[in-house]
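Before any comments, here is the structure.
The values are calculated or read from the model by the stated rules, or taken from the named source; none is laboratory data. It should be emphasised that the depicted structure is a prediction, and the values quoted were computed from it without experimental measurement. Please note: Cβ atoms are built from the backbone with ideal geometry, for glycine as well, and neighbour counts cover all protein chains shown.
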């Protein structure tokens, strides 16, 4: 078939090494695996091998399921700024045992995209005749181009190449599995903007350390709402709150949102996807689903979203596809409302802990109480020493709310017209 010119040349150097890496497994005599790999429940696992046992039987490191929800990214010009949201299930056929369901996604500007054709896809597991290595193989249509996708799984991520039919130039594909795929509604009907000029304040408390128990108790004692940023894989560890704590605070009226998994710097694309999409999936798995994500301050370089230009790529497309609000560092945390829609992807905050002096907090408070202003105040409770150091601010917040001088909201989503 005729392949668009932009599928060639541009990615030749980038994909040559990947193609060579897969060459041994792809060019050998390959046999389909109809029954999947261990364990014995028949769930297909990526065929990554660990060599032969003493009995001459290949030992498989069956650590990554082929089936389930995945995020795919193809490094091809036609779809490079997009992500693919898919679900892989086991079919009833004896050979091509995998099938693909594709969900609508968004590009970084918010337009709906759906580049994969599930009706023209079929997948299987293949290994070479010596049973020493293998890969997952798909017949797939990407942006109207038919081809073959082959990938292997290492460290809970899929790396492979998509080769258009009739072409020798392949493009890189990255896949990251997630336990649950939360997709926000694609409805974009705006609400009428509020005519209320009362300033609005959101109190956000990040990281879920055990010191939150005392601080949130002080917030609750004043009948104030708050938004809690939860690093999902740190919950339950030493010095951190438990999921029982998270559920208790949610039941008390606080809003819980995703705040990465491990709150660490992301060095690779797959780590970024796992930290972002994985934390949203974890929140849903623990019964507190959300479509709000708070970026950790530990992210660096291209993954530190402190400028709108950094969102104009496939990472921004993933953020647009799986979240309704992405709190980061692009826009000032205190500004006039109503916000433009774009501010939902980059709204910042005003920190009032971490050694910030009362005078600086008071200056921020004066700005926050101006008519038609909205402000996100951020607290890291582990830096609040002594524990009651911010009681005066909480008292001020509660008093201003009681007198009607400000409106206090419990979720960042209340700051936007959608």
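Tell me the residue from 323, 334 that is more than 15 Å from residue 202 (Cβ to Cβ) and either surrounded by 20 or more Cβ atoms within 10 Å (Cβ to Cβ) or touching a strand residue (DSSP E or B) at 6+ places or on another chain (Cβ under 7 Å) (or both), please. Among 323, 334, only 323 is more than 15 Å from residue 202 (Cβ to Cβ) and either surrounded by 20 or more Cβ atoms within 10 Å (Cβ to Cβ) or touching a strand residue (DSSP E or B) at 6+ places or on another chain (Cβ under 7 Å) (or both). Residue-level check: of (1) surrounded by 17 or more Cβ atoms within 10 Å (Cβ to Cβ); (2) touching a residue at least 60 places away in the same chain (Cβ under 8 Å); (3) closer than 27 Å to residue 252 by Cα, residue 328 misses just (2). Would you confirm whether any residue within the stretch 58-71 is closer than 25 Å to residue 310 by Cα, touching a helix residue (DSSP H, G or I) at 6+ places or on another chain (Cβ under 9 Å) and at pLDDT 90 or above? Taking every residue of the stretch 58-71 in turn, at least one turns out to be closer than 25 Å to residue 310 by Cα, touching a helix residue (DSSP H, G or I) at 6+ places or on another chain (Cβ under 9 Å) and at pLDDT 90 or above. Return the residues of the stretch 241-267 that are more than 19 Å from the chain's Cα centre (by Cα) and either surrounded by fewer than 18 Cβ atoms within 10 Å (Cβ to Cβ) or under 22 Å from residue 398 (Cα atoms) (or both); say none if nothing qualifies. Those that are more than 19 Å from the chain's Cα centre (by Cα) and either surrounded by fewer than 18 Cβ atoms within 10 Å (Cβ to Cβ) or under 22 Å from residue 398 (Cα atoms) (or both): 242, 243, 244, 247, 248, 249, 250, 251, 252, 253, 254. The set of residues in the stretch 245-265 being on the phi < 0 side of the Ramachandran plot and not in a helix (DSSP H, G or I) consists of 252, 254, 255, 256, 257, 258, 259, 261, 262, 264, 265.
Screening the stretch 90-146 for strands (runs of 3 or more DSSP E) wholly inside it with 1 or more residues that are closer than 28 Å to residue 341 by Cα returns the ranges 98-103. Among the residues of the stretch 225-240 satisfying the criterion of being assigned to a loop (DSSP other than H, G, I, E, B) and in contact with a strand residue (DSSP E or B) (Cβ under 9 Å, 6 or more places away or on another chain), which is surrounded by the fewest Cβ atoms within 10 Å (Cβ to Cβ)? Here the answer is 239. For a quick check of your reading of the model, give me the residue pairs whose first member lies in the stretch 374-391 and is free of Cβ contacts under 8 Å to residues at least 24 places away in the same chain, whose second is surrounded by 14 or more Cβ atoms within 10 Å (Cβ to Cβ), with beta-carbon atoms closer than 9 Å and at least 6 apart or on different chains. Close Cβ pairs (under 9 Å, with a partner that is surrounded by 14 or more Cβ atoms within 10 Å (Cβ to Cβ)) amount to 389/353. A count restricted to the stretch 70-106 and to residues that are surrounded by fewer than 20 Cβ atoms within 10 Å (Cβ to Cβ) and within 20 Å of residue 326 (Cβ to Cβ) stands at 3.
Restricted to the stretch 266-338, the set of strands (runs of 3 or more DSSP E) holding at least 3 residues that are modelled with pLDDT of 95 or more, in contact with a helix residue (DSSP H, G or I) (Cβ under 8 Å, 6 or more places away or on another chain) and within 29 Å of residue 372 (Cα to Cα) comprises 325-331.
If a residue must be in contact with a strand residue (DSSP E or B) (Cβ under 8 Å, 6 or more places away or on another chain), surrounded by fewer than 21 Cβ atoms within 10 Å (Cβ to Cβ) and either under 28 Å from residue 263 (Cα atoms) or outside the structural domain of residue 334 (by TED's automatic domain parsing) (or both), how many such residues does the stretch 356-384 contain? Here the count works out to 3. Residue 353 meets all of the listed conditions (1) surrounded by fewer than 20 Cβ atoms within 10 Å (Cβ to Cβ); (2) on the phi < 0 side of the Ramachandran plot; (3) over 20 Å from the mean Cα position of the chain (by Cα) but one, namely (1).
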